[in-house]
Amino acid sequence: MLTPSSIDFVEPTLATSRVSTITELAKQIQLCSQGQFTGRLDLNLQHHQNLQWSLLFRSGRLAWSASELHPIRRWSRHLFRHCPQLVGGSQGDRADGSNGSSGSHLFIFRGTDSTIHHCQCPDYGSLIELLKQGKIEQKHLAGIVAGMIAESLFDILQVSHQLLHRLDMQVTYRQLPQDVLNSMLIVLPAVLAWEQAQQTWEAWQRAGLAEFSPNLAPVIWDTEELRRQTSLLTYHNLSTLANGTWTLRDLAVKLNYPLLPLTQSILPFIRQGIMGLNQVGDISCFVESASGPLVAYIEDSRFDSATMKHILAQAGCRFIDIPDATQALPILLEHKPDLIFLDLLMPVANGYEICAQIRRISVFQETPIVIVTSSDGIVDRVRAKLMGSSGFLAKPIDPEKVLSVLQQYLPV
């Protein structure tokens, strides 16, 4: 079950139940409020991947929420809305220092100190550290907490509607350690937060948007027809922003424009099939460095990515972590790394296929691509070479092997 990353162990379970309707869930939240519940309420929608939420309560009030869907994207978005001084991206800044208008790293953290880098972990504890250091104010913390809770409750209501109000949700009540409880400085009335989420959802329905999740990303399907129906300025704005990588919620924050009218403005184009809404994965964590070669690592294993990140940081390299192979190409196109490490075995596509796709893009025809694998046989090497790889790196990853690759392909 999902948990904020500052709570990385399983807390004792107090009780478990099941709800089958949104009304039953609302009653559970009301009971938490009336009974002054303190702890974590885990909501797990059975048979639906990524449909998991956690609501943290203190004395019957909501203090935080987390979602399995887009945790880093959500975290970055709310930090950008309330603390823009800590993040880049307001003018389409790219992490490589150049100006760009598209890409999956909508919000890039500024600065090089460890505190700011630590805040890329989407957890409550990082916010408290920033508050203690005077980098954010309590009103910023309150805004982020309220925004995270509002999004989670809205998503729960929309999922219930899409499932025709027939939920099969496991509800688990868990204790929280005292140090976590002590850090909960901002709390919101739970019933009021639920009612406000209902009002937002009802407005979304009245606008004819019930079938469209704000977690989807707009993309242009028919550029010629869009050009014909819009002014030059509107077409330019849409072609720049509706690139299939930024969700509706991302764009609302980026443009500082309310989500509902923003979505309504493109609804006619969606209805005509001129534009569409795509599902997207979470953004990857990007760690800035002042200078040095930019290295990307396409890898679904968080452990291996963390190991690689540490080694590359010690070597003075900038690093892009790409955990979702389906998002690799747009991220690579945006940042144009100097070297690409590519895991061979991933859930969606294998490294051979991804390597071939990268090589078909002209800008990457000379970029070193190193296959990372625990299967280092002659057949694997030959096949990788045929697909365009530059070399092999055998797992487990260790500094000596990685530094050898860097010395071979980069002026580190």
Margin query: Restricting to the range 46-60, count the residues that are part of a strand (DSSP E or B) and more than 20 Å from the chain's Cα centre (by Cα).
Written below: 3
Check: Only one residue in Ala349, Ala315 is small (Gly, Ala, Ser), over 22 Å from Leu410 (Cβ atoms) and not assigned by TED's automatic domain parsing to the domain that holds Arg73. Which one?
Finding: Ala349
Next item on the list: Scan the range 380-402 and report the pairs whose first residue is at pLDDT 85 or above and whose second residue is aromatic (Phe, Trp, Tyr), with Cβ atoms within less than 7 Å and a gap of 6+ or a chain change.
Entry: Ser390/Tyr409; Leu393/Phe341
Next item on the list: Those residues that are at pLDDT below 95 and more than 22 Å from Thr16 (Cα to Cα), I need them from the range 146-162; list them, please.
Entry: His161, Gln162
Check: Filter the range 265-284 for residues that are under 23 Å from His70 (Cα atoms) and not hydrophobic (A, V, I, L, M, F, W, C); which is nearest to the chain's Cα centre (by Cα)?
Finding: Asp282
Note to self: Can you find, within the range 201-229, the residue that is surrounded by the fewest Cβ atoms within 10 Å (Cβ to Cβ) among those that are among the charged types (D, E, K, R) and not in a helix (DSSP H, G or I)?
What the structure shows: Glu211
Next item on the list: Of all residues in the range 237-264, count the ones that are of a type in the set (Ser, Thr, Tyr) and either within 13 Å of Leu216 (Cβ to Cβ) or under 18 Å from the mean Cα position of the chain (by Cα) (or both).
Entry: 3
Checklist line | Subset of the range 260-275 [β-branched (Val, Ile, Thr) and either outside the structural domain of Tyr235 (by TED's automatic domain parsing) or in contact with a helix residue (DSSP H, G or I) (Cβ under 7 Å, 6 or more places away or on another chain) (or both)] | finding: Thr263, Ile274
Margin query: Could you tell me how many of the residues in the range 172-192 are in a loop (DSSP other than H, G, I, E, B), out of contact with any strand residue (DSSP E or B) (no Cβ under 6 Å at 6 or more places or on another chain) and in contact (Cβ under 8 Å) with a residue 60 or more places away in the chain?
Written below: 2
Item checked: Residues (of a type in the set (Phe, Trp, Tyr) and at pLDDT 95 or above) located in the range 246-284 -> Phe269
Next item on the list: Would you please name the residue that is modelled with the highest pLDDT, looking only at residues in the range 121-145 that are surrounded by fewer than 22 Cβ atoms within 10 Å (Cβ to Cβ) and assigned to a loop (DSSP other than H, G, I, E, B)?
Entry: Glu137
Checklist line | Qualifying residue in the range 241-259 (condition: out of contact with any helix residue (DSSP H, G or I) (no Cβ under 9 Å at 6 or more places or on another chain) and farther than 18 Å from Leu153 by Cβ) | finding: no
Margin query: Given the condition assigned by TED's automatic domain parsing to the domain that holds Pro258 and either at pLDDT 95 or above or part of a loop (DSSP other than H, G, I, E, B) (or both), answer yes or no: does some residue in the range 163-171 qualify?
Written below: no
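The values are calculated or read from the model by the stated rules, or taken from the named source; none is laboratory data. Predicted model only: the values in this text are computed from it and were never measured. Here the Cβ is made from the backbone with ideal geometry for all residues, glycine too, and neighbour counts use every protein chain on show.
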